[in-house]
1. Give me the distance in nm between label points sitting 7 Å out from Cα along the Cα-to-Cβ direction at GLU97 and ASP59, one decimal.
2. Treat the count of other C-beta atoms within 10 Å as a stand-in for reagent exposure and order PHE90, PHE73 from fewest to most.
3. Could you please rank VAL16, VAL63, VAL31, placing first whichever residue has the fewest other Cβ atoms within 10 Å of its Cβ?
4. Can you list residues from other chains, or at least 5 along the same chain, whose modelled amide H is less than 5 Å from the amide H of LEU46?
5. How far, in nm, would the chain grow between LYS70 and LEU48 when pulled straight, counting 0.36 nm per residue and subtracting the alpha carbon separation?
6. Looking at the range 32-80, what % of the alpha carbon pairs are farther apart than 17 Å?
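Quick note: the coordinates plus some simple rules give every number you see, no bench work behind them. Not measured: the values here are computed from a predicted model. Here the Cβ is made from the backbone with ideal geometry for all residues, glycine too, and neighbour counts use every protein chain on show.
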Amino acid sequence: MLRPQRQAQSLFSFSVELYKYPGTFKGGNRVSFQNFGLDSGEYKILELAPGVYALKCRDFEKVFFAKEGKITFLSIDLYNTGNFSLPEIFIQESKQEDALRFLLEGKRMYWIPKEN
């Protein structure tokens, strides 16, 4: 889970909720799995068992499937829609090259340990 550092977005910090669907996604019953906060320029490594999960930040939710042996990079981006409004949140799967570029180039990203 990456939150790249961008100048206009650096003031906003928010919590991220992770849910797991114990059965099928169609069943609709999900269980709270983990909660953590992300500031601008931070990232968190989530080692997940295979299955269907949902990430929720404020009013945006992304459902994804964690596959065994596959690394998936998800990125949180904020889009400012007006001068005096809170930014809109968008969670998307990033290409491996783009995610590694965020981690290795430009502004430093800080790792959030598993305990948070």
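1. For the pair GLU97/ASP59, the computed spacing is 3.6 nm.
2. Working: PHE90 13, PHE73 18.
Ascending number of Cβ neighbours within 10 Å: PHE90, PHE73.
3. Result, fewest neighbours first: VAL31, VAL63, VAL16.
4. Here the answer is none, since no amide H 5 or more places off falls under 5 Å of that of LEU46.
5. Result for the pair: 6.9 nm of gain on full extension.
6. On the way: 454 of 1176 pairs.
Result: 39 percent of Cα pairs exceed 17 Å.
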